[in-house]
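First up is the structure itself, then whatever we jot down about it.
The values are calculated or read from the model by the stated rules, or taken from the named source; none is laboratory data. Fair warning: this is a prediction, and the values are worked out from it, not measured in the lab. Heads up, the Cβs are rebuilt from the backbone with ideal geometry, glycines too, and the neighbour counts pull from every protein chain shown. Side chains included, ligands, DNA and RNA excluded: accessible areas come from the protein's heavy atoms. Shrake-Rupley method; radii C 1.70, N 1.55, O 1.52, S 1.80 Å.
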Amino acid sequence: MNRFIQIRRDLHQIPELGYKEFKTQQYLLDYLGTLDQANMEIRTWKTGIFVKLNGTMPGKLIGYRADIDGLPITEETGFGFSSRHEGNMHACGHDFHMSIALGLIAYFSENRVKDDLLFIFQPAEEGPGGAEPMLKSDIMKEWRPDMIAALHIAPEYPAGAVAVKEGLLFANTSELFIDLKGKGGHAAYPHQTNDMIVAACSLVSQLQTVIARNVDPLDSAVITIGKITGGTVQNIIAEKARLEGTIRTLSVESMARVKKRIEALVKGTEAGFECEATIDYGAMYHQVYNDEVLTREFMDFLRTGTEAEVIECKEAMTGEDFGYMLSEIPGFMFWLGADSEFGLHHSRLQPKEEAIEKAISYMTAYLEYKGNQ
């Protein structure tokens, strides 16, 4: 078995949520400690790690980022290496991302290029968001890459395929939490109450009109309410209800317009149902916008310098906080095909491990080319 497949399986068993990746960080540090340290500098930031490989004649610093956190999902894959952390799972492929990054570091620790390389193991991508504060860290200010790259597995593409496009790749995203508070009471006396279950149901229906009637049909946006909580028992009218969801838009302007309409509808709910309402947008992620020149160069290199299958894809409503790094540092993100019947964030996600070795091969070739220019 390829050693980085085994590393992926080890990491798959210890998924941890954002800023709680203590075992994950230690595992990564332990492996890094087995490599040649002669030209390597390692620094930690919260539960994340920076690894700098010093080049032979550095003229620029090339960055590569991998995210490390898991999701609060109970795994149902049936793997012999399933999660040992009950209720948590690497259901977004971050175990793949980490093992690939370690493969790159292992190669370049023994095969130096002219330029310096910086590998970033970022915590809390799934929430509350680690890229933006990591970008502002003192370490990142000192080790500021001239360009940066990252990948994300994609179950819908063949294992090892590279799907990418210039410009906008992933959407602007924002969490959405709405709390409603009215007046509870006995189910037999509804006229003496302000029922927040009814208010919540009405608001969910109204929210769907924002996309249908307030967003340009040639633009794209999504409002999804994924969770509703409210009430205590079947014969008590609920005093409180909570909606939890997400907003995704392809443009910054649409995000502002959608939020403005949501706020207007929530105010209307307050008036119509005689209740109090609060909105919390939680974590917000910047769009992932690929530098046109670097992305085209990367695609051309893969087509001529490797055996990679390169697919020019369309933009997606996926959210990724790597967008914050790309907002300040030229670079790109690409999809790595993983060929799974079940999609990202699914409890039965089963990406094909052959993608790991292919990704390491392609990216070592590209970084070697880029680092010796």
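Kindly establish whether H345 is at positive phi and under 18 Å from the mean Cα position of the chain (by Cα).
yes
Being modelled with pLDDT of 95 or more, small (G, A, S) and assigned by the TED database to the domain that holds D195 is true for just one of G160, G182. Which residue is that?
Checking each option against the conditions leaves just G182.
Can you tell me which residue is nearest to F22 (Cα to Cα) among those in region 107-134 that are assigned to a helix (DSSP H, G or I) and open to solvent by 10 Å² or more (accessible area, probe 1.4 Å)?
P133
Does T24 satisfy the condition of being in contact (Cβ under 8 Å) with a residue 24 or more places away in the chain, farther than 17 Å from P351 by Cα and open to solvent by less than 60 Å² (accessible area, probe 1.4 Å)?
Yes; evaluated as a whole, the condition is true for this residue.
Give me the residue from region 1-21 that is in contact (Cβ under 8 Å) with a residue 60 or more places away in the chain and in a helix (DSSP H, G or I) and, out of that set, most open to solvent (accessible area, probe 1.4 Å).
Of region 1-21, the ones in contact (Cβ under 8 Å) with a residue 60 or more places away in the chain are 2, 4-5, 7-19, 21.
The next check asks that each one be in a helix (DSSP H, G or I); those that pass are 4-5, 7-12.
Values: F4: 15, I5: 24, I7: 10, R8: 3, R9: 62, D10: 46, L11: 0, H12: 1 Å².
Among residues in region 1-21 that are in contact (Cβ under 8 Å) with a residue 60 or more places away in the chain and in a helix (DSSP H, G or I), the one most open to solvent (accessible area, probe 1.4 Å) is R9.
Within region 18-39, does at least one residue satisfy the condition of being within 19 Å of F108 (Cβ to Cβ), modelled with pLDDT of 95 or more, β-branched (V, I, T) and assigned by the TED database to the domain that holds F119?
Checked against the condition, which is being within 19 Å of F108 (Cβ to Cβ), modelled with pLDDT of 95 or more, β-branched (V, I, T) and assigned by the TED database to the domain that holds F119, region 18-39 yields at least one hit.
Hey, among the residues in region 273-307 that are polar (S, T, N, Q) and surrounded by 15 or more Cβ atoms within 10 Å (Cβ to Cβ), which one's farthest from the chain's Cα centre (by Cα)?
Taking the candidates together, the pick is T306.
Enumerate the strands (runs of 3 or more DSSP E) found wholly within region 276-373, keeping only those where 1 or more residues are at pLDDT 95 or above and of a type in the set (G, A, S).
Numbers: elements: 276-280, 288-290, 310-312, 331-337.
Output list reads 276-280, 331-337.
So how many residues does region 314-349 have that are of a type in the set (A, V, I, L, M, F, W, C) and either within 18 Å of V222 (Cβ to Cβ) or surrounded by fewer than 17 Cβ atoms within 10 Å (Cβ to Cβ) (or both)?
Total meeting the criteria: 4.
Which of the residues belonging to region 62-95 are touching a His at 6+ places or on another chain (Cβ under 7 Å), part of a strand (DSSP E or B) and open to solvent by less than 10 Å² (accessible area, probe 1.4 Å)?
Answer for region 62-95, where residues must be touching a His at 6+ places or on another chain (Cβ under 7 Å), part of a strand (DSSP E or B) and open to solvent by less than 10 Å² (accessible area, probe 1.4 Å): A66, D67.
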